[in-house]
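Peer 1: A single structure is presented below for examination.
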Amino acid sequence: MVPSDLRFTKDHEWVRVEGDLATVGITAHAADQLGDIVFVELPAIGRTIDQHATFGVVESVKAVSDLFAPVGGEVVETNDESLRATPERVNSDPYGEGWMLRVRLADPSQVSALLDAAAYEALIAEE
Amino acid sequence: MTDDAATAGLSGTPLLERHLALGARMVDYAGWLMPVQYAGVIEEHRAVRSRAGLFDLSHMGELFVEGPDAGRALARALVTDPPSLAIGRAHYSMICAPDGGVIDDLIVYRLGEEQFLVVANAANTAAVSDALAERLDGMRVVLDDRSRDTALVAIQGPASRAILEQLMDADLGALRYYAITEATVAGVSALVARTGYTGEDGFELFVEWERAPEVWDALTAEGAAAGLVPVGLGARDTLRLEAGMPLYGNELDRDTDPFQAGLGRVVKLDREEDFVGRAALARVAAEGPRRRLVGLVVRGRGIARHGYAVLSDGTETGHVTSGTQSPTLGIPIAMAYVAPHDAGTGTMLDVDIRGQRVAAEVVPLPFYRRPS
């Protein structure tokens, strides 16, 4: 089930907005498609990322995939320490302990253009 | 997915229905619709290292070579000397082009005085069959490509012998590594070989195409208590990489000779009969290869992947052929071609991982050896 309180991109990232902060991760569908995740590379805290730009990579045993920023802004926190030790959390808990970034939104209106849960469910059903 | 496969022109093995029922993720592999994973690559990998795994390898090519000249003909076609095999034994071999480039790597089994089985990679079966047909021409030998009539099921891992013995009337203790015998498995007549591509003890079962599901089901049922699981191509790749075994298309190709790949010992130059590629390979043996396959362990942060550049003091010395996070060792491992002077154990190199230079150390192959 796709959590109803999140917004999504067609690239299978999710966003949870609280005030002007957005938490970012990849969806359960994406994690499942990638398979066993063994490596996550995230940007440094303090960096500014642009919406739609590559902000990192996620690697399964088989392959490397780019991560695309669903929203732009300054990276204020990352889950790097936890995901370095236990990248498999992206598979086991993609919407919780597998989170990746916390971004201070540059432009909150970017969020409203993202997919809601129903639209994202429809998207993955098509795949 | 079966409909997609049909429209994409992919072949299915006799076990396709089993894979779909198990919920496997299917991929196009050399024109075959094959399972890449079932429960997950790491879980499947660990099952083979600690218990047992079941593989569908029916996509691979089975070429039977029979006739009074079969051994002599193969000795001229391949880099090994199949007539030196005792009946019921096998060896690793390669078929090379006249320039020494590898057309495919193979297992050659001697089934009888005048009968051999050559097992080729799925993607190369047609090329091997064509090359053999050309090289065997004019000799008293028949080449019979039974790839589409012969299914191949492998059971690999420390528990594989005990599981398989429950389904046979024979004791597998007598079947040595790289040996093959006729046997009945779960009522199905089979060629049972003690070979594999995982670094573990294990067996490969050649059976009639239509009978493969019976063998698969019997092994699945018999192995359940011992923790046997189905294993896809994803874990097959990580298992063989840990075991330091080459994969055609990664470590081997037409532009690579056996000596570069560290497989010079396979090439039997010390025999009288000529064979295709001999002159070129003798020259490489004398002069040394222009590059060498090495094992790498990434010491910095990142995973070296196929195609990434390898640098020595900032200058490109080669490229990565295969790389992954080793499920058994928990570290990033890779194989790479590098210049001979960078190939020594302990040499510190860098891998260009998406623009970052990450330290990697040359280590001996294999990365993993099973506890004996």
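The values are calculated or read from the model by the stated rules, or taken from the named source; none is laboratory data. Because the structure is predicted, anything quoted here is derived from the model rather than measured. Reconstructed Cβ throughout: ideal geometry from the backbone, glycine too, with neighbour counts over all protein chains shown.
For every residue, the table says whether it meets (1) within 11 Å of another protein chain (Cβ to nearest Cβ); (2) more than 30 Å from residue B:44 (Cα to Cα).
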| residue | (1), (2) |
| --- | --- |
| A:29 | no, no |
| A:37 | yes, no |
| A:54 | yes, yes |
| A:64 | yes, no |
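Let's see how each residue does on (1) in contact with a helix residue (DSSP H, G or I) (Cβ under 9 Å, 6 or more places away or on another chain); (2) more than 14 Å from chain A (Cβ to nearest Cβ):
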{"site": "B:47", "(1), (2)": "yes, no"}
{"site": "B:61", "(1), (2)": "yes, yes"}
{"site": "B:75", "(1), (2)": "yes, yes"}
{"site": "B:86", "(1), (2)": "no, yes"}
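Peer 1: Next up: Give the residues of the range A:39-52 that are out of contact with any helix residue (DSSP H, G or I) (no Cβ under 7 Å at 6 or more places or on another chain) and away from chain B (no Cβ under 14 Å), sorted by residue number. If you could, list the steps in order and put the result at the bottom.
Peer 2: The first filter runs over the range A:39-52 and keeps only residues out of contact with any helix residue (DSSP H, G or I) (no Cβ under 7 Å at 6 or more places or on another chain), leaving A:39, A:41, A:43-50, A:52.
Hits for the range A:39-52 are A:45, A:46, A:47, A:48, A:49, A:50, A:52.
Peer 1: Ok, one more. Please go through the range B:252-278 and give me each residue that is acidic (Asp, Glu) and closer than 19 Å to residue B:125 by Cβ, ordered by number.
Peer 2: Within the range B:252-278, just B:253 meets the criteria.
Peer 1: Hey, another quick one. Restricted to the range B:31-45, and to residues that are crowded, with 24+ Cβ neighbours inside 10 Å and farther than 12 Å from residue B:18 by Cα, which residue is farthest from the other protein chains (Cβ to nearest Cβ)? Give the steps one after another, and end with the answer.
Peer 2: Residues of the range B:31-45 that are crowded, with 24+ Cβ neighbours inside 10 Å, as a first pass: B:34-35, B:37, B:41, B:44-45.
Narrowing the set further to residues that are farther than 12 Å from residue B:18 by Cα leaves B:37, B:41, B:44-45.
Numbers: B:37: 6, B:41: 5, B:44: 10, B:45: 8 Å.
Here the residue is B:44.
Peer 1: Another question, if that's okay. Tell me the strands (runs of 3 or more DSSP E) entirely within the range B:305-372 that contain at least 1 residues that are within 18 Å of residue B:260 (Cα to Cα). Spell out how you get there, then give the answer.
Peer 2: Values: elements: B:309-312, B:315-325, B:332-338, B:348-353, B:356-363.
Correct list: B:309-312, B:315-325, B:332-338, B:356-363.
Peer 1: Exactly one of these conditions fails for residue A:82: (1) away from chain B (no Cβ under 14 Å); (2) in contact (Cβ under 8 Å) with a residue 24 or more places away in the chain. Give me its number.
Peer 2: Result: residue A:82 passes all but (2).
Peer 1: Checking residue A:95 against (1) outside any strand (DSSP E or B); (2) surrounded by 21 or more Cβ atoms within 10 Å (Cβ to Cβ); (3) aromatic (Phe, Trp, Tyr), which single condition isn't satisfied?
Peer 2: It is condition (2) that residue A:95 fails.
Peer 1: Is the range B:270-293 home to any residue that is farther than 30 Å from residue B:73 by Cβ, within 14 Å of another protein chain (Cβ to nearest Cβ) and modelled with pLDDT of 95 or more?
Peer 2: No, there is no match, as no residue in the range B:270-293 is farther than 30 Å from residue B:73 by Cβ, within 14 Å of another protein chain (Cβ to nearest Cβ) and modelled with pLDDT of 95 or more.
Peer 1: Moving on to the next point. Looking only at the range B:230-273, filter to residues that are of a type in the set (Lys, Arg) and not in a loop (DSSP other than H, G, I, E, B); which one of those is farthest from residue B:204 (Cα to Cα)?
Peer 2: Step by step, filter the range B:230-273, then rank; the result is B:265.
Peer 1: Now, a different point. Could you grab me the full set of residues in the range A:79-121 that are out of contact with any Lys or Arg (no Cβ under 7 Å at 6 or more places or on another chain) and among the hydroxyl-bearing types (Ser, Thr, Tyr)? So that I can check it myself, show each step before the final result.
Peer 2: First, pick out the residues of the range A:79-121 that are out of contact with any Lys or Arg (no Cβ under 7 Å at 6 or more places or on another chain): A:79-81, A:84-96, A:99-110, A:112-113, A:117-121.
Listed by number, the residues that qualify are A:86, A:92, A:95, A:109, A:112, A:120.
Peer 1: How many residues are closer than 18 Å to residue A:62 by Cα, crowded, with 24+ Cβ neighbours inside 10 Å and either away from chain A (no Cβ under 14 Å) or of a type outside the set (A, V, I, L, M) (or both) if we restrict to the range B:303-321?
Peer 2: 1
Peer 1: Restricting attention to the range A:44-66, and to residues there that are in a loop (DSSP other than H, G, I, E, B) and among the aliphatic types (A, V, I, L, M), which single residue is surrounded by the fewest Cβ atoms within 10 Å (Cβ to Cβ)? Walk me through how you get there before you give the answer.
Peer 2: So the first thing to find is which residues in the range A:44-66 are in a loop (DSSP other than H, G, I, E, B), and the list is A:44-47, A:50-53, A:61-63.
Of the ones still in play, those that are also among the aliphatic types (A, V, I, L, M) are A:44-45, A:53, A:61, A:63.
On the way: A:44: 8, A:45: 13, A:53: 12, A:61: 25, A:63: 14.
Of everything passing the filter in the range A:44-66, A:44 is surrounded by the fewest Cβ atoms within 10 Å (Cβ to Cβ).
Peer 1: Taking the stated definitions as given, is residue A:23 β-branched (Val, Ile, Thr), within 14 Å of chain B (Cβ to nearest Cβ) and surrounded by fewer than 21 Cβ atoms within 10 Å (Cβ to Cβ)? Don't jump to the end; show me each part of the working.
Peer 2: On the way: β-branched (Val, Ile, Thr): yes; within 14 Å of chain B (Cβ to nearest Cβ): no; surrounded by fewer than 21 Cβ atoms within 10 Å (Cβ to Cβ): yes.
For residue A:23, the condition - β-branched (Val, Ile, Thr), within 14 Å of chain B (Cβ to nearest Cβ) and surrounded by fewer than 21 Cβ atoms within 10 Å (Cβ to Cβ) - is not met.
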